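Notes to accompany the following structure.
The values are calculated or read from the model by the stated rules, or taken from the named source; none is laboratory data. Note that this is a predicted model, so its numbers are computed, not measured. Using ideal geometry, Cβ is built from the backbone for each residue, glycine included, and neighbour counts are taken over all protein chains shown. In case anyone asks, the SASA skips ligands and DNA or RNA and just uses the protein heavy atoms, side chains included. Shrake-Rupley method; radii C 1.70, N 1.55, O 1.52, S 1.80 Å.
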Amino acid sequence: MSGKTKRLTSFSPDKQIRQCYADKQIKRINDRLNTIESGTPDQLQAIATEKQKTDQDIQNLKYSLRRLGEPFSSIISDSKTEITEAQINAIRDIAERDPAIKRVKQKLNTVARYAKAHNERIALNNKTNLQANSTILAHEAIFTIPVHNGVELDSQTMLGIISSFYEKYLPDFAIMFAVYHANEKLAEDQTGNHVHIFVDGYNQTSGKYDLPRQIRLLADKYARFYKLPEIGTDKQLSADKNKRVGEYIQQLFYQHANKHLKGQDLKLAFLPDTDERQKVRAEIRKQVDLPKHQRKFSFYNRAKEQTEQLKKQAKQAIEAAKKAKTIAEQAEHKTQQEKQQLALLQQQHQMAADKHKEIELETHFLTYQAEQARKDEQEARAFLDFVFRLSAALNNWWNTLTKRVPEPVKIKAAAEVLQALDTCPKLENKQLKTEVNNYLALERKKAAELETIFRFKHNNKAAISSKLKPRI
């Protein structure tokens, strides 16, 4: 990768450091979320004042229209849709044809004023909603090559393609981080790895959160270059225009990716669209906010469906074996030819039994993998909890060394470090064992340097570095 995006190899292999980086980015988004409102205080106050005035006008005009009676009062509406010119014209036609109605022009003026106030109130509501809904703090995109293509790219290539695309075409928006995800595929899948990239929604040039607008402008630029239907400047895009924005950006991305892959004997291209693929995409979009285990096309449900299929095949194999056994028992009283057929059926029975055994072993293996993953997760949580407690205790102890605090406070802080060390979990995962030993070795080095600086090396109450040795 290049540009603003940090190289994958430059990150520390320490999971704790990578997790801290991700937590920092999440906190950054949450902090912004807590400060961004639907507009500046002055803007909000202006909208509120205008709403209050419009509401008062509407109430006064409603009162006047009710006094005028039909057909003029029929324009009164609590609907959130605008009053159209056709509705006003319909009332005008009725009033002008009725000779009993006097001062028609004056009364129609009241109708027009009410319609204008009603429509202005709806516009003010839409303005507030637009302010509230148009701020995109962060944008996530996924780059994957579908499994049915049978092609897999390495992590550096995939990360390089998507990060360089955003650096080139949306350079004012910082890439927060990108993740190569390689653990959501079944055992028989040869492909399926993918990249998640998270892009800051803040425009570093304009100072606005206008990423959707810039994406739309980029799509329009692509359309003009290739003489395609443009998106336009509508504030609210139709479903068709939103679809075109996505299609143009994806086409531009494929062009960029193919330049990146030049010389690798591989070219990305769109498959012809079908009704079935459109239905699948629509279903995926509907389920995007559901938990992963509830999504029809998730890795979890793919694995679950595969297990159910294996069980079904096992049941069919057992039934086939029972049937073969029955036929074999009946064939014992027949001719030699039938005996040969019996031998063949017995062979099929053995093959079915072998298949059943193979399926059982595969099922046990999947169950073991799931259990092992659960244990690894529990150990990882215990390890992170230990690191956080020890890190907090060490930071407190280091602070007591660099500040003028009473000796008892320093001793207490050192005791808290030793107490935290005693909570080091027992780990079976070799990788986690290595991680915790590396972490303790690093902290031991820091502690030794501090103890040397502050001459506490021979003070049993203050020395910590001798205790920070590998525990596992």
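Things worth noting here:
- Filter result (open to solvent by less than 50 Å² (accessible area, probe 1.4 Å), over 12 Å from N119 (Cα atoms) and among the polar types (S, T, N, Q)) within segment 66-91: S73
- Any hit, segment 335-344, residues being β-branched (V, I, T), in a loop (DSSP other than H, G, I, E, B), without any contact (Cβ under 8 Å) to a residue 12 or more places away in the chain and open to solvent by 50 Å² or more (accessible area, probe 1.4 Å): yes
- Hey, E379 under 27 Å from Q16 (Cβ atoms), assigned to a helix (DSSP H, G or I) and at pLDDT 80 or above or not: no
- Failed item, numbered, when Q369 is tested on (1) surrounded by fewer than 15 Cβ atoms within 10 Å (Cβ to Cβ); (2) in contact with a helix residue (DSSP H, G or I) (Cβ under 9 Å, 6 or more places away or on another chain); (3) at pLDDT below 80: (2)
- Pairing residues of segment 103-120 that are touching a residue at least 40 places away in the same chain (Cβ under 8 Å) and over 17 Å from R67 (Cβ atoms) with residues that are hydroxyl-bearing (S, T, Y) and loosely packed, with under 15 Cβ neighbours inside 10 Å, at Cβ distances under 7 Å and at least 6 apart in sequence or on separate chains, gives H118/S77.
- Any hit, segment 217-230, residues being touching a residue at least 12 places away in the same chain (Cβ under 8 Å), open to solvent by 20 Å² or more (accessible area, probe 1.4 Å) and either over 24 Å from G160 (Cα atoms) or of a type in the set (D, E) (or both): yes
- Test: residue in segment 77-97 that is in contact with an Asp or Glu (Cβ under 7 Å, 6 or more places away or on another chain) and assigned to a helix (DSSP H, G or I): no
- For segment 382-408, a residue qualifies if it is among the aliphatic types (A, V, I, L, M), part of a helix (DSSP H, G or I) and surrounded by fewer than 14 Cβ atoms within 10 Å (Cβ to Cβ), and exactly one does: A392.
- Residue in segment 443-459 that is at pLDDT below 80, open to solvent by 50 Å² or more (accessible area, probe 1.4 Å), of a type in the set (A, V, I, L, M) and closer than 30 Å to Q378 by Cβ present: no
- Whichever residue in segment 234-261 is assigned to a loop (DSSP other than H, G, I, E, B) and surrounded by 10 or more Cβ atoms within 10 Å (Cβ to Cβ) and, among such residues, is modelled with the lowest pLDDT: L237
- For beta carbons closer than 9 Å, sequence separation of 6+ or different chains, a first residue in segment 78-93 that is closer than 21 Å to D55 by Cα and a second that is surrounded by 15 or more Cβ atoms within 10 Å (Cβ to Cβ) and among the aromatic types (F, W, Y), the qualifying pairs are I83/Y114.
- Test: residue in segment 143-156 that is at pLDDT 85 or above and either open to solvent by 30 Å² or more (accessible area, probe 1.4 Å) or part of a helix (DSSP H, G or I) (or both): yes
- In segment 102-142, the qualifying residues are those that are crowded, with 16+ Cβ neighbours inside 10 Å and over 25 Å from Q56 (Cα atoms), and the one that is modelled with the highest pLDDT is H139.
- Within segment 311-334, the residues that satisfy the criterion of being open to solvent by 100 Å² or more (accessible area, probe 1.4 Å) and under 20 Å from F365 (Cα atoms) are K311, K312, K315.
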